[in-house]
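Each remark here refers to the structure printed beneath this line.
The values are calculated or read from the model by the stated rules, or taken from the named source; none is laboratory data. Predicted model only: the values in this text are computed from it and were never measured. No Cβ is skipped: glycine too gets one built from the backbone with ideal geometry, and neighbour counts run over all protein chains shown.
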Amino acid sequence: MKKILILILTCLFISQGPLFSQQKVWSLEDCIRYAIENNLQIKQQNIQTKVQKNSLDLAKLNLLPTLNGSASDNFSFGRTFDQSTFSYSNRNGQSNNFYLGGSLNIFNGLQNFNSIKKNKYQLLASEQDLQSIKDNIALNVALDYLQILLNKELVNVNSNQVQITQQQITKTKKLVDAGSVARGNLLQIEAQAAQEEVSLITVENQLETSYLNISQLLELKTPQGFEVVVPAISIDTNAVIAGNIDEIFSNAEGIRPEVKSSEYNLTASQYDLKIAQGGRSPHISMSHSFSTGYVSTTRKVLSVDPVTFQTITGPYSFNSQINDNVTYGVGFTMNIPILNGWQVNKRISNSRLAIQNSQYVLEGTKKTLYKNIQQAYTDAMAALKKYNASLIAVVSTEESFRYTEQKFNVGMVTSVDYNAAKTQLLIAQSDMAQAKYEFIFKTKVLDFYKGLPLKLN
């Protein structure tokens, strides 16, 4: 009985394993690492990179000589020719032929060599594309992670507002029961409480949505049990963003994988032009062959009658014919392209156009990178200014609200004024939280372009 109980508990533990692992608290580094290991887009690009590696290997293997073999078994019926006696006879026969042969490319305008170079740079470009996808996934994970932290803070702000209002409702009920204030004040505060409950539910729904977004990005089946680490984040109001836009771009231009990928693709297209130009060159190849055969109707010449000069034949065995009929061959061929429907010229023309297009792609990639850095830098500066302003606004609004609350408790202001002050405080606190996390994200984007790892502490 004890063994059965242990077995049942073990099975339950194993079946709940994925759930337990999901209920751990995830840091930003954990989320990024898990997303890179499990994201389907990354897996697909990883396969594409392996395919490109195989293309490079095939280009290298094209330098080796080819060798192919064949064997045939044929049956003949009726009149056959005997090669040993040079005569015809009505006999059924069987024949076998064996062949080994191939060729070796000696010179083809360096097309194989340039093909290896082209595939090498295409492989490098594919590896950079893979890294670019990983970086973008990491950045999206960071954005969703910070969105969770923002929504958590907004939930806390709204929850505090609801608690304050509930406390005020309790106080106001006592004043109404004592006849100190009109019942209308209580009704107005209760209406305010209902509105705040709606706002709280809205931000809670936003928090659930942010959990869903990051769980989908991590390829988790469900966000249930998923929780993130809430690090202690503080912003220095005197913070200065290191470097200017041009300095950050100059650094990013040399390390960003999307730029490297465009550069590698440009180099690959230049080698593709050399491959096309190699089509104008004479092609020299060497061929080699080995063959032998057997024919059942063939008889072996044993001797020649000196008087009649007739041949005397005997059986010709399979092994003897195979050994006697061996033929070796080596040949050289040179093909000189003269007129091929302008195919070579058009390939060269298309290759030059591909180079121009790759140059435009590289230029566009750099411009996009510069614009993204420019936008992130501008947004970070604006977010810092907004945060500093909202910080001052929160301090002054909190003080104003405390003063209004004290006056409301002694009946010096109406519930309308009290609710207005409370709403202003909620707006100021929400604006400060949004500016805070917007500044954090934009500075992390700038660190990302500087080549620094994405961390929150």
(message) Among the residues of region 226-236, what is the count of those that are in contact (Cβ under 8 Å) with a residue 60 or more places away in the chain and farther than 17 Å from D144 by Cβ?
(response) 2
(message) Please go through region 396-420 and give me each residue that is farther than 17 Å from T170 by Cα and buried (at least 19 other Cβ atoms within 10 Å of the Cβ), ordered by number.
(response) T397, F401, T404
(message) Criterion first (in the same structural domain as F98 (by TED's automatic domain parsing) and either surrounded by fewer than 16 Cβ atoms within 10 Å (Cβ to Cβ) or part of a helix (DSSP H, G or I) (or both)) does S287 satisfy it?
(response) yes
(request) Please find, within region 69-119, the residue that is modelled with the highest pLDDT out of those that are loosely packed, with under 15 Cβ neighbours inside 10 Å and in contact with an Asp or Glu (Cβ under 9 Å, 6 or more places away or on another chain). (result) Q94
(request) Could you look through region 150-194, keep only residues that are among the hydroxyl-bearing types (S, T, Y) and part of a helix (DSSP H, G or I), and pick out the one that is farthest from Y437 (Cα to Cα)? (result) T172
(message) Being in a helix (DSSP H, G or I), out of contact with any helix residue (DSSP H, G or I) (no Cβ under 6 Å at 6 or more places or on another chain) and of a type in the set (F, W, Y) narrows it down to one residue among Y360, Y370; which is it?
(response) Y360
(request) Of the conditions (1) at pLDDT below 90; (2) surrounded by 12 or more Cβ atoms within 10 Å (Cβ to Cβ); (3) not β-branched (V, I, T), N213 clears all except one; give me its number. (result) (1)
(message) Looking at region 371-388 only, could you name the residues that are in contact (Cβ under 8 Å) with a residue 40 or more places away in the chain and over 22 Å from the mean Cα position of the chain (by Cα)?
(response) Q374, A376, Y377, D379, A380, M381, A383, L384, K386, Y387, N388
(request) Pull up region 297-347, narrow it to residues that are at pLDDT below 80 and either in a helix (DSSP H, G or I) or exposed (fewer than 10 other Cβ atoms within 10 Å of the Cβ) (or both), then point me to the one that is farthest from the chain's Cα centre (by Cα). (result) V307
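Residues checked against (1) part of a helix (DSSP H, G or I); (2) under 45 Å from the mean Cα position of the chain (by Cα); (3) among the charged types (D, E, K, R):
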{"residue": "A393", "(1), (2), (3)": "yes, yes, no"}
{"residue": "Y403", "(1), (2), (3)": "yes, no, no"}
{"residue": "Y418", "(1), (2), (3)": "yes, no, no"}
{"residue": "K442", "(1), (2), (3)": "yes, yes, yes"}
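Residues are listed down the side, and each one gets a yes or a no for (1) of a type outside the set (D, E, K, R); (2) without any contact (Cβ under 8 Å) to a residue 40 or more places away in the chain; (3) surrounded by 16 or more Cβ atoms within 10 Å (Cβ to Cβ):
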| position | (1), (2), (3) |
| --- | --- |
| A125 | yes, no, yes |
| Q128 | yes, no, yes |
| D135 | no, no, yes |
| L149 | yes, no, yes |
| S159 | yes, no, no |
| Q168 | yes, no, yes |
(message) All but one of (1) touching a Cys at 6+ places or on another chain (Cβ under 9 Å); (2) over 30 Å from K444 (Cβ atoms); (3) not hydrophobic (A, V, I, L, M, F, W, C) hold for K173; state the number of the condition that does not hold.
(response) (1)
(request) Go through (1) in contact with a helix residue (DSSP H, G or I) (Cβ under 6 Å, 6 or more places away or on another chain); (2) farther than 30 Å from F401 by Cα; (3) assigned to a helix (DSSP H, G or I) and name the single condition G109 misses. (result) (3)
(request) Could you tell me whether A268 is at pLDDT below 95 and assigned to a helix (DSSP H, G or I)? (result) no
(request) Kindly list the number of the only condition in (1) more than 28 Å from E398 (Cα to Cα); (2) crowded, with 19+ Cβ neighbours inside 10 Å; (3) of a type outside the set (G, A, S) that fails for K455. (result) (2)
